[in-house]
Amino acid sequence: MEALEKRIFAADPANFEALALEVFAFQYEHISVYREFVNALGRPKPKAVEEIPFLPISFFKTHEILYADQRPELLFLSSGTTQHNRSRHYVFRPDLYERSFLETYIRFSGPPEDQVILALLPNYLEQGNSSLVYMVERLVKETKNPLSGFFKDDLETLLKHYAQAVALGKKVVIFGVSYALLDLAELKPDLSRATVIETGGMKGRRKELSKTELHWVLKNAFGCEYISSEYGMTELFSQAYSDKDEYFALPPWMQVLIRDTNDPFSYNKEGKTGGINVIDLANLYSCAFISTQDLGQLSGKGLKLMGRFDHADIRGCNLMVE
């Protein structure tokens, strides 16, 4: 499969559909849960991306999605209040995850070795088995700078490291879960020289805010021109990042389709809100085609997040979930 892996990371708009169909055929053969799902739908031979069945993301909570039943090297768990409601992503090839997030991060933010990276991700550290922590740990290591690291609840030390990095002329990137960034915002520190990347999630610690409201509060507290976001999830190897206008840019091996909220096999035109279906070709050994519970819109600027489905509004194919 080495040749296919190389072609995935050389994806472009001209060859993406052919690669996606090739990955579909591979996963239909080797991922038994996905094959059963596709067969239940009666859609084993798609001819276009829009015909590929997308696995509901909830399957990662209820099924073991494994490549040819091989022993995984890593297990990532989503954040959650109980073990039962945490998604499980069995990782057969950690090197593909690392390649995906490193290449994507460099596209968005530049080489980490030129930066100081500060992480404010307390709940992810507490719960363990976090794909986000794994990613940021590797990025921190790539900086080769002792000022980089995780700070949990130690906001004062984080701010000291930020000031020292700025004094040295370093680019500073701060990864933070939403509620922890709001805790930091209460101190009203001047972080105008930092790139602040919020990773979403109040985790039950604070009132939920829209992304626009959250960014407004953080921008005013930190003195930043804008707040960036990272759109990723335990079930995916790849991430998207937003910049000034809150539109997310995706790496070339990742695409998004917006499904009709009433018909999971119909897709919306640009500018119309619907459910987000993600194609992540880097997910070669689990499932590259995932139907999420997020709402979004597509435009020429990229992907814009519009919130999440309420449980009562989730529609689609629930075959095999029980």
### Task
With everything on Cα atoms, drop me the angle between helix 211-222 and the longest principal axis of the chain, reported from 0 to 90° to the nearest 10.
20 degrees
### Task
Have a look at the DSSP beta bridges in the range 128-268 and tell me what percent are antiparallel, nearest 5.
50 percent
### Message
Relative contact order for the range 96-242: what percent, with Cα pairs under 8 Å and sequence separation of 6 or more?
### Response
25 percent
#### Entry: Rounded to whole Hz, the Karplus (6.51, -1.76, 1.60) HN-Hα couplings of the range 165-171, x for glycine and proline
5, 4, 4, 8, x, 8, 6
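Take the Cβ-Cβ distance between Glu126 and Gln164 as r, set R0 to 25 Å, and report the resulting FRET efficiency rounded to the nearest 0.05. Display every interim value, and only then the final one.
Details: r = 27 Å, r/R0 = 1.07.
Approximately 0.40, to the nearest 0.05.
In the range 96-242, how does Rg compare with the Kirkwood Rh, expressed as the Rg/Rh ratio over alpha carbon atoms? List each step's numbers first, then the result.
Values: Rg = 14.1 Å, Rh = 15.3 Å.
In the range 96-242, Rg relative to Rh is 0.92.
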### Task
Starting from the exponent 0.38 and prefactor 2.2 Å, build the expected Rg for the chain from its residue count and divide its actual Cα Rg by it.
0.99
### Message
Just want the answer: with Cβ charges of +1 for Lys and Arg and -1 for Asp and Glu, which residue in Leu182, Phe76, Phe108 is farthest toward the dipole's positive end in the chain?
### Response
Leu182
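Only the coordinates and a few stated rules stand behind these numbers; no lab work does. As the structure is a computational prediction, the values presented were derived from the model and not from experiment. Quick reminder, even Gly has a Cβ in these numbers, built from the backbone with ideal geometry, and neighbours come from all protein chains shown.
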